[in-house]
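Comments concern the structure below.
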Amino acid sequence: MKRISFILLAAAVLILSCNDSKNKHSESHKNESETTLYTCPMHPEIIREKPGNCPICGMQLVKKETGNRKVADVDLNTLLKPTDEFVVSSIPVTVIQQRDEEIEIEALGNIAYDTRQVGSISARVSGRIEKLYVRYRYQKISKGQRIFDIYSPELLTAQQNLLFLLKNDPGNLSLIDAAKEKLLLLGMDAGQLKAVIQSGKPSLTIAVYSNYNGHIHEAVSNMNQQQEGMKDLSLITEELSLKEGMYVQKGQSVFTVFNPGRAWVILNVYDENEALLKKGNRVRVIPETAPGKDFRATIDFIEPFYRKDSKTISARVYFDNSRLMIPIGSQVKATVFGNSKNAYWLPKDAVLSLGLDKVVFLKATGGFKPLTVKTGIEHKQHIQVLSGLTEKDSVAVNAQYLMDSESFIKVKH
């Protein structure tokens, strides 16, 4: 009797267990058939079971028609990687290209005097200016033109010594020659010396002549005063401060002569193009005051420093201004032709700037990963790559497109 009861109990438990398993299988099949999936219109590899936004582009997810089947063709571990480590996308790729590129650098500048041609008119003796033959700044003078007459006690004494020797010791040729040489060194020319010897009387004044052609400037010992004078037009056009009757000291520079026929162009080039700036680069210069007088030249000197309060490097272009006669101080536009040989280039959109760092998205299995590169100059729609990539590396053509607006990319150096 007990055995029959045990058999009946076991049969009841088996029947209940089968019914429960059948109910669970039916419920699971019902839930699976009713599952709704959501995907991104731009990134179909993104699959979600709930509405939301795409983790790549931020677009709102839409319902995905799956034929009542759950699709999971993207590795979850890949999608869970942050955007500063990996980006899932099928965007087109590009590679760096090596080629020679002639680059045109636009620059601005101005015409200035060639300081290599600057001459100085100095006083060889201390004395008083008796007669002044120039009257205003920037007055044009010629070589051999008389500038001023000077009275000097030292010169007068030297003349008297020579005349005394000629009168009382004419046979002492060594002393006579030494006295003549002294007068020549003190500034007396050969014609004046001959006139003194023939007349037998000393000249109270001697004439000082110019040895240069050009525009005369009043010599200024203080550079700051000279720069201030260039800013103030009245100081340029007014009369000279040096007057007749004033005294000058031995060795003092009285006038400076600039030759307007020899000039240079000072070009200002931004530091981003400094690597392309070389001595000998061809330059086309267009003066703003005379566009029809454009000329070709080459860069002759690059200043090895940055001028005060300037973010540009200065380059000098020497040229002959005697025919062009472009006014000194004229503003110019220039095009510098530089060559970048065997350089590697990428489209500008393929490089993302993070301030101090430049980043590209390197193609990897299943997506892209950020990579720091070192870049050079930008030319038209391309940017030079100095290091970080090889010709076999593929990168996204548009790095900005892969960057999430709410992400901050960090890369390892």
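Before moving on, here are some points about what is shown:
- Qualifying positions in the stretch 248-260 - at pLDDT 90 or above and over 15 Å from Glu218 (Cα atoms): Gln249, Lys250
- Pairs where the first residue, in the stretch 168-194, is touching a residue at least 40 places away in the same chain (Cβ under 8 Å) and the second is open to solvent by 60 Å² or more (accessible area, probe 1.4 Å) and in a loop (DSSP other than H, G, I, E, B), C-beta under 9 Å, 6+ apart: Leu185/Arg124; Leu186/Arg124; Gly187/Arg124
- In the stretch 266-375, counting only strands (runs of 3 or more DSSP E) that sit wholly within it, the ones holding 3 or more residues that are under 21 Å from the mean Cα position of the chain (by Cα) and either among the small types (Gly, Ala, Ser) or on the phi > 0 side of the Ramachandran plot (or both) span 331-347.
- Here Ser90 meets each of (1) part of a loop (DSSP other than H, G, I, E, B); (2) open to solvent by 80 Å² or more (accessible area, probe 1.4 Å); (3) modelled with pLDDT of 90 or more with one exception, condition (3).
- Residue list for the stretch 236-265, restricted to those being part of a strand (DSSP E or B) and of a type in the set (Asp, Glu): Glu239
- Complete set of residues in the stretch 327-349 that are modelled with pLDDT of 85 or more and either closer than 22 Å to Phe301 by Cα or open to solvent by 80 Å² or more (accessible area, probe 1.4 Å) (or both): Pro327, Ile328, Gly329, Ser330, Gln331, Val332, Lys333, Ala334, Thr335, Val336, Phe337, Asp349
- Considering only residues in the stretch 45-58 that are open to solvent by less than 80 Å² (accessible area, probe 1.4 Å) and under 47 Å from the mean Cα position of the chain (by Cα), the one that is modelled with the lowest pLDDT turns out to be Glu45.
- Residue within the stretch 118-127 that is open to solvent by 60 Å² or more (accessible area, probe 1.4 Å), in contact with a His (Cβ under 8 Å, 6 or more places away or on another chain), of a type outside the set (A, V, I, L, M) and in contact (Cβ under 8 Å) with a residue 24 or more places away in the chain present: no
- Counting the residues of the stretch 137-191 that are over 55 Å from the mean Cα position of the chain (by Cα), assigned to a loop (DSSP other than H, G, I, E, B) and not polar (S, T, N, Q) gives 3.
So that you can scan it fast, the table gives a plain yes or no per residue for (1) closer than 15 Å to Gly109 by Cβ; (2) surrounded by fewer than 14 Cβ atoms within 10 Å (Cβ to Cβ); (3) among the β-branched types (Val, Ile, Thr):
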{"position": "Leu277", "(1), (2), (3)": "yes, no, no"}
{"position": "Glu288", "(1), (2), (3)": "yes, yes, no"}
{"position": "Lys308", "(1), (2), (3)": "no, yes, no"}
{"position": "Ile313", "(1), (2), (3)": "yes, no, yes"}
{"position": "Met325", "(1), (2), (3)": "no, yes, no"}
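Quick grid of which residues meet (1) surrounded by fewer than 12 Cβ atoms within 10 Å (Cβ to Cβ); (2) farther than 26 Å from Glu106 by Cα:
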position: Val351; (1), (2): no, no
position: Gly355; (1), (2): yes, no
position: Lys358; (1), (2): no, no
position: Thr365; (1), (2): yes, yes
position: Lys374; (1), (2): no, no
position: Lys380; (1), (2): yes, no
position: Lys392; (1), (2): yes, yes
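The values are calculated or read from the model by the stated rules, or taken from the named source; none is laboratory data. Note that the structure is a prediction, hence the values are computed from the model and not measured. A quick note on method: Cβ atoms are made from the backbone with ideal geometry, for glycine too, and the neighbour counts reach across all protein chains shown. Remember, those area values only see protein heavy atoms, side chains included, never the ligands or the DNA or RNA. Shrake-Rupley method; radii C 1.70, N 1.55, O 1.52, S 1.80 Å.
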